[in-house]
Amino acid sequence: MKLKKLMTVVPAVCLVLSMAACSSKNTAKVSAAEPGQGTAGNTLTGIVSASSDQTYYMVTFLSGYSFWTECWRGFKDAADLLGVKSKYGGATDYDVNSAVTSLQQIIALKPTAMAVTCMDAAAYKEPINNAIKDGIPVVTFDSDSPDSKRTTFIGTSNYAAGVAAANYIAEKLSGKGRVACLTRTGQSNINERIQGFTETVTHKYPGIKMVQVVDAGNDENEAATNIASLLSKDSNIDYIFAALQQAVLGTETALSESGLKGKIKIVGFDTDKTTLDSIKNGTVEATLSQSPYAEGYWSMIYLYMLVNNQCIKSADDWYEKGFPSLPQTCDSGCTIVTTQNVDLFYTDKSK
C-alpha cells in the first residue's frame, strides 16, 4: 500500500514542479502562507505555497456512501499536500431536491472552489452555473452535468464501463446465454453504464438475450425485493450485472433466499470492502473498479490550479472568458476485478 500512496504523490509533485517553474514569471493572486505538507510527509517547500485562507469543498449526494469516502480521502490528501482547507458536504438522503438544496447552501458559504458530483445532470446545471457566476470555480467528478459551465469532469466513462462488463460476461458465456441487470432509475451515471451494457449485448452479441433491466430502488432491500420478483418469474439467467453497490448486495440476498446462490453469477460495480470480500468468498464473480481516490485527488489538484496557477493564463480574464484551461473531461479509467487481482484493490482503510 505504501507503493500506491507513492504513485499518487509522484504525479502531484511533477505537476506542482511545473507550476513552480511558471511562478517565476507570474505573481499568484493569493498571498502565500506556510509551505504545504502532505499526509505522506512530503514537504513541498519552495514548490507550492500553502494558502490556509482557502477552503475547498467536496459536495456529494447520499453522503456516507463508501465510494464517497474514498473520493474524500483523495480530496483531503491533496488539500493537505497543498496546504489548503478542505470540507465535505452534501445531502444524506437519496433525493434530488435535497441534494440541490444542499449544494445551494454550500454555494452560499462562498467557498474558494468546489468539486461536485451530480445526482441529476439537468437539476445541477443552474446551481453550478450560479456558483461560477459568483466566482466559485467548479469541477465535477464521478457523475457529470455536461451542459453546465463546470470547467472539467473527472471520472470513469460509465458507458465504456458498461461495455466492459458486457464484453466480460459475453466472453465467459462464449457468446450465448441469458442476462439481466440492475440500474437506479434517475441517476445519470448509472443509466450510462446500463446503456453501454445493453447496447453492447444487443448489437454485438445476438446469442445473448437481455432478460430484463431491473430498477434497484434506493437501497439494498429494495434491490433484493425487485430482483427476487424477477427470479420468481424467470430464474433461467446466467449472469446479473448489478451496476451499483447496493444492487450487488441486494442481488446476493435475493439469490441466497431463492436458493440460486452459485447458479446465477454476479458482476458488480465498485470496490467497497463488502464487494471485494464477496469476490474472495465466491458469491460475486467480478466487479468493475473505478478510481474514487484518484477522482477526489485530481479534483482538488485541478481546483487548486484554477484558483492559484497563472501558467494556464493565456489572456486577461481567461477564466471568465471560458478559455479551456483544463481538459474538458478526464477519464479516471476502470478495470475488472476478479479473484486473480482482488487483493490489489483493498486499501489501508478497507482492510
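Per-structure values
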item: Number of the exception - Asp219 against (1) open to solvent by 40 Å² or more (accessible area, probe 1.4 Å); (2) under 17 Å from the mean Cα position of the chain (by Cα); result: (2)
item: Strands (runs of 3 or more DSSP E) wholly inside region 32-136 that include at least 3 residues being at pLDDT 90 or above, crowded, with 20+ Cβ neighbours inside 10 Å and in contact with a Gly (Cβ under 8 Å, 6 or more places away or on another chain); result: 55-60
item: Residue match in region 225-242 (condition: within 24 Å of Phe141 (Cβ to Cβ) and modelled with pLDDT of 95 or more); result: yes
item: Single condition Leu231 does not satisfy, out of (1) crowded, with 23+ Cβ neighbours inside 10 Å; (2) out of contact with any Lys or Arg (no Cβ under 7 Å at 6 or more places or on another chain); (3) of a type in the set (A, V, I, L, M, F, W, C); (4) not in a strand (DSSP E or B); result: (1)
item: The one condition in (1) in contact with a helix residue (DSSP H, G or I) (Cβ under 6 Å, 6 or more places away or on another chain); (2) part of a helix (DSSP H, G or I); (3) aliphatic (A, V, I, L, M); (4) open to solvent by less than 10 Å² (accessible area, probe 1.4 Å) that Ala170 fails to fulfil; result: (1)
item: Condition met for Leu306 (hydrophobic (A, V, I, L, M, F, W, C), assigned to a helix (DSSP H, G or I) and either at pLDDT below 75 or buried (at least 16 other Cβ atoms within 10 Å of the Cβ) (or both)); result: yes
item: Members of region 257-293 that are free of Cβ contacts under 8 Å to residues at least 24 places away in the same chain, in a helix (DSSP H, G or I) and not charged (D, E, K, R); result: Asn281
item: Qualifying position, being under 30 Å from Asp219 (Cα atoms), in contact (Cβ under 8 Å) with a residue 24 or more places away in the chain, of a type in the set (Gly, Ala, Ser) and out of contact with any helix residue (DSSP H, G or I) (no Cβ under 7 Å at 6 or more places or on another chain), among Ala115, Ala99; result: Ala99
item: Every residue from region 266-284 that is crowded, with 21+ Cβ neighbours inside 10 Å and not hydroxyl-bearing (Ser, Thr, Tyr); result: Ile266, Val267, Gly268, Phe269, Asp270, Asp272, Leu276, Ile279, Val284
item: Boolean, Asn226 is within 12 Å of Leu182 (Cβ to Cβ), out of contact with any Pro (no Cβ under 9 Å at 6 or more places or on another chain), of a type in the set (S, T, N, Q) and not in a strand (DSSP E or B); result: yes
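The values are calculated or read from the model by the stated rules, or taken from the named source; none is laboratory data. Everything numeric in this text was worked out from a predicted model, so none of it was measured. Counting neighbours? That spans all protein chains shown, and the Cβs are built from the backbone with ideal geometry, glycine included. We work out accessible area using only protein heavy atoms, side chains counted, and drop any ligands, DNA or RNA first. Shrake-Rupley method; radii C 1.70, N 1.55, O 1.52, S 1.80 Å.
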